[in-house]
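Chemist: Dropping the structure in here first, questions after.
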Amino acid sequence: MKILFIVIFVLSSQLIHSVAVDQENGYNPYKFGATTFCILQHPLLLITSIFYLGWLWGIILFLCHLFGVLNMTVSWVLDIPLLLLKNSDKFESFLKIKVTLLPFMFIILLIFTIASFFLSSFESLLVVLQNETAILVGILIGIAILSIARLVLVKTVIEKL
């Protein structure tokens, strides 16, 4: 359940962020529905992050999601296919797929949140991270590598423009 929490949290956070960026850039065929599902997922992300990490670290993780820190450091990798399709005729259909995934992600997140109360203990991921420092160090090194890779990628893309 802990690994599933990480996967669902990162995917949901990336999907919300990506759809919000698309809306800001003027693309959203379902303006009301996409915004509603994005807003509905925020409390579920907050609840699950608090449940798995405790009050302090759960709120900090949620704020990292809310302010885009998670997207800037880890989940930006999931946007690479969009960059490759930028000048393709499949670009618009890919954007539409992202928006149509929102209700399904909401349902998955809702089921996962409810199931967590029955199948997992409070602060379960936090206990694992406190007991296994090697996992925590590995996660921090992975985040640092991904952040540096993003900076290099952004710098090379900006220089080409």
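The values are calculated or read from the model by the stated rules, or taken from the named source; none is laboratory data. None of these values were measured; they are calculated from a predicted model. When we count neighbours, we look across all protein chains shown, and the Cβ atoms used for this are built from the backbone with ideal geometry, even at glycine. Note: areas computed on protein heavy atoms with side chains; ligands, DNA, RNA excluded. Shrake-Rupley method; radii C 1.70, N 1.55, O 1.52, S 1.80 Å.
Chemist: In the chain, how many lysine pairs have Cα atoms under 17 Å apart, counting only pairs 8 or more places apart or on different chains?
Modeler: Counting lysine pairs in the chain gives 6.
Chemist: Rounded to the nearest whole Å², what accessible area per residue is found for the stretch 30-161 with the 1.4 Å probe?
Modeler: 65
Chemist: A further question on this structure: Taking Rh as the Kirkwood radius computed over C-alpha pairs, what is the Stokes-Einstein D of the stretch 84-155 at 25 °C in a medium of viscosity 0.890 mPa s, expressed in µm² per second?
Modeler: On the way: Rh = 16.3 Å.
After rounding, the answer is 151 µm²/s.
Chemist: Can you compute the helix-only [θ] at 222 nm over the chain? Use -39500 (n - 2.57) per DSSP H run of at least 4 residues, normalise by all residues, nearest 500 deg cm²/dmol.
Modeler: Roughly -28500 deg cm²/dmol at 222 nm, from the helical runs in the chain.
Chemist: Find the eigenvalues of the gyration tensor of the Cα atoms of the stretch 2-74, then list the square roots of 5 times those eigenvalues as equivalent ellipsoid semi-axes, largest first, in whole angstrom.
Modeler: In descending order, the three semi-axes are 23, 12, 10 Å.
Chemist: May I ask for the distance between the Cα centers of the stretch 100-134 and the stretch 8-31, given as a whole number of Å?
Modeler: Here the answer is 21 Å between Cα centres.
Chemist: Only four residue types carry charge here, +1 at the Cβ of Lys and Arg and -1 at the Cβ of Asp and Glu. Report the dipole size of the stretch 39-145 about the Cα centre in Debye, rounded to the nearest 20.
Modeler: 240
Chemist: With each pseudo-label sitting 7 Å past Cα toward Cβ, what's the Asp89-Ala144 distance in nm, one decimal?
Modeler: The modelled label-to-label distance comes out at 4.7 nm.
Chemist: Still on this model: Mean 1/r over all different Cα pairs, inverted: what Kirkwood radius does the chain give, in Å?
Modeler: Details: mean 1/r = 0.0591 Å⁻¹.
With all distinct Cα pairs of the chain included, I get 16.9 Å.
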